Every structure is written in structure tokens, then in C-alpha cells.
Amino acid sequence: MNRIRSLRFLLLPLLLAWLAAAYADGTAPALGAVAPDFKLQDQNGKWHSLKDYRGKWVALYFYPKDQTPGCTTQACEFRDNIFAYRELGAVVLGVSVDDVDSHKAFSEQYNLPFPILADSEKKTATAYGTLTKYVGIAEMARRDTFIIDPEGRVAKHYVKVDPKGHSEAVIADLKQLAAKAPPKAT
């Protein structure tokens with residue numbers, strides 16, 4: 001009994017520290033603000049910058065770690081809905097602090113038809129306010145998504161999302177945002 005009580009007293013502070021760290025908020029760009037630019041490599045080593053997507057809607061989603069259950073669910077749902085994004089003139093970009101090799105294996109295993117970007121230096125996750133310490137030591141991106149409009153401004157920010165069904169919510173919001181957007185000048 002004393003052993004269980006001792007274990008409980010050891011685990012409770014660790015659990016509380018983990019929860020506090022996992023749910024700490026960074027400073028994310030405000031709605032309507034210009035989204036921070038970045039230059040990151042995808043799973044194939046190709047460089048991507050946010051300015052490369054000017055003129056398109058962007059679903060920029062941050063996730064903690066390749067090959068984990070929630071992140072796999074999220075990536076596969078974006079994959080399964082890719083044609084809906086394309087019909088809306090939107091691109092999907094995934095970002096985590098994993099490296100290019102990890103992204104390559106993850107992308108190949110799940111046939112991801114969109115870039116997943118390696119933020120190994122954690123600059124982009126920091127700029128978007130998603131970098132979070134888990135268990136007080138491991139820094140990863142929190143599961144947040146940003147919809148960025150064709151002018152490069154933050155149109156919507158989802159915080160600490162549930163990966164199941166999230167892609168459909170992003171599509172629904174993209175449809176509404178695109179319908180409200182002023183027509184392009186010709």
C-alpha cells in the first residue's frame with residue numbers, strides 16, 4: 001500500500017506538469033494579421049515558403065509527431081479529402097518538428113498527396129505559437145490549424161484540435177470564408 005501511495009505522489013506532480021506544459025499557449029498570429037512566412041523542406045527535400053502559395057487558400061496544420069495515432073488519423077483525413085480542398089482552390093500543408101527523413105517515411109506509408117514540412121529548428125512552430133513542451137522536456141508542435149487567405153492573412157485559427165473529423169470542419173469553414181471573400185480583380 002505504501003508503494004502505491006509513493007508512486008501516486010511521484011506521478012501526480014509529473015502528470016500536472018505535463019498537463020500544464022501540453023496546454024500552454026504560445027502567441028499565435030491574430031485573425032486578420034499577416035501569417036508568418038517560412039522556408040521549410042517537405043518530405044522530398046523540396047523547399048516551400050508561404051509566399052509560394054499567395055493567391056490560394058492554405059490549410060496549414062501543425063501536428064506533434066509522425067507515426068503517432070492522432071497524427072496519422074489527422075493526416076489521413078486530410079489525404080482522403082484532398083479533392084475537396086483542390087476544388088476550393090486550397091492547398092494543405094502539414095508541419096511538425098520531425099525531420100525530412102521521418103516525414104518521407106510517414107508520407108510514403110500513408111500515401112500523403114500534400115507536403116508535410118520539416119520544422120526541425122522549431123522556428124515556424126514558434127512563430128505560429130504552437131511550440132509546446134510535453135512532459136517538460138520534449139518540444140513539439142501543438143495540434144493547431146490555420147486557414148490562410150489568398151492575401152496571406154490568417155482567416156481562422158483552430159486551437160488544440162481533435163484529429164477525428166477536423167478536416168471536414170476545415171473544408172466547411174473554407175467554403176464559408178471563400179464565399180465571403182471579395183471577388184478577384186481581373
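The table below lists the values:
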| item | result |
| --- | --- |
| Region 67-166, dipole about Cα centre (Lys/Arg Cβ +1, Asp/Glu Cβ -1), debye to the nearest 20 | 280 |
| Ranking by accessible area, most exposed first, for GLU139, GLU168 with a 1.4 Å probe | GLU168, GLU139 |
| Nearest-10 value in Å² for the accessible area of PHE38, using the 1.4 Å probe | 10 |
| Heavy-atom accessible area ranking, 1.4 Å probe, most first, across GLU87, GLU121, GLU108, GLU77 | GLU87, GLU121, GLU108, GLU77 |
| Residues of region 45-75 with amide N under 19 Å of a point placed 7 Å along Cα→Cβ from ASP162 | 62-64, 69-75 |
| Leading residue at positive end of dipole, region 99-186 (Cβ point charges), from ALA169, ALA179, LEU112 | ALA179 |
| Computed label-point distance, nm, for sites GLU121 and LYS46 using a 7 Å Cα→Cβ extension | 2.2 |
| Net charge dipole size for region 18-124 [Lys, Arg +1 and Asp, Glu -1 on Cβ; Debye, nearest 20] | 320 |
| Accessible area of ARG86 in the full protein assembly, 1.4 Å probe (Å², nearest 10) | 120 |
| Listed residues LEU60, GLN74, ALA155: farthest to the positive end of the dipole of region 45-164 (Cβ charges) | ALA155 |
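The values are calculated or read from the model by the stated rules, or taken from the named source; none is laboratory data. Here the structure is a predicted model, which means the values were calculated and not measured. Cβ sites come from the backbone with ideal geometry, for glycine too, and all protein chains shown count toward neighbours. The area values use the complete protein model at the heavy-atom level, side chains included, leaving out ligands, DNA and RNA. Shrake-Rupley method; radii C 1.70, N 1.55, O 1.52, S 1.80 Å.
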